[in-house]
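Single-structure report; data block below.
The values are calculated or read from the model by the stated rules, or taken from the named source; none is laboratory data. This structure is a prediction, so every number in the text was calculated from the model and none was measured. FYI the Cβ positions are ideal-geometry reconstructions off the backbone, even for glycines, and counts take in every protein chain you see. SASA here: full protein model, heavy atoms, side chains in, ligands and nucleic acids out. Shrake-Rupley method; radii C 1.70, N 1.55, O 1.52, S 1.80 Å.
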Amino acid sequence: MSDEAEQKAQEPAGRDLAAKLEHLLRVTAPAGQKPPSNEEVATAINIAAGEKTISATYVWQLRTGRKTNPTMRHLEALAQYCGVSAAYFLSDDEESAKIDEQLALLDALKQSDARNIALRSTGLSESSRQAVSNMIDQLRKLEGLSDEEFG
């Protein structure tokens, strides 16, 4: 099991704001890079807003769970920074799980090999795409990988 899959499996079903924010920053970071620092997040949000909207200290407090009740303005700014709806932070676990599925796809596509396979399948017939999918399923079985996360 990959480190990402292990970490996801260890996350509790009912994640708090800090866990959701940390997860979001981790999976939206560019491939091969660490999640952004609190200063990077605050600076990017403030530049995008054209004014001081949030401080690095406040981002740190949210990421560590020291602050748990941010304003809607802060949630919207963080969501926009990460490219998701503010509903991610406000919604129930079922809605957050749907967004997490989309983020998992984004994370998978960061891998150049996965992106290359997806792009090369464009234009193939439905039966050809199904054949590719079947081959991937077989290879995952041969390598002892689980298909649970893919439905």
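Observations on the model:
- All-pairs alpha carbon distance profile, region 9-137, 5 Å steps from 0, percent: 2, 9, 17, 19, 16, 12, 9, 7, 5, 3, 1
- Compared with the alpha-carbon gap, the fully stretched path from residue 135 to residue 16 is longer by 39.0 nm at 0.36 nm per residue.
- Accessible surface for region 21-71, divided over its residues, is 56 Å² per residue with a 1.4 Å probe.
- Taking all protein chains as shown and a probe of 1.4 angstrom, residue 59 keeps an accessible surface of around 0 Å².
- R0 of 30 Å, Cβ-Cβ distance residue 126-residue 93: FRET efficiency to nearest 0.05: 0.35
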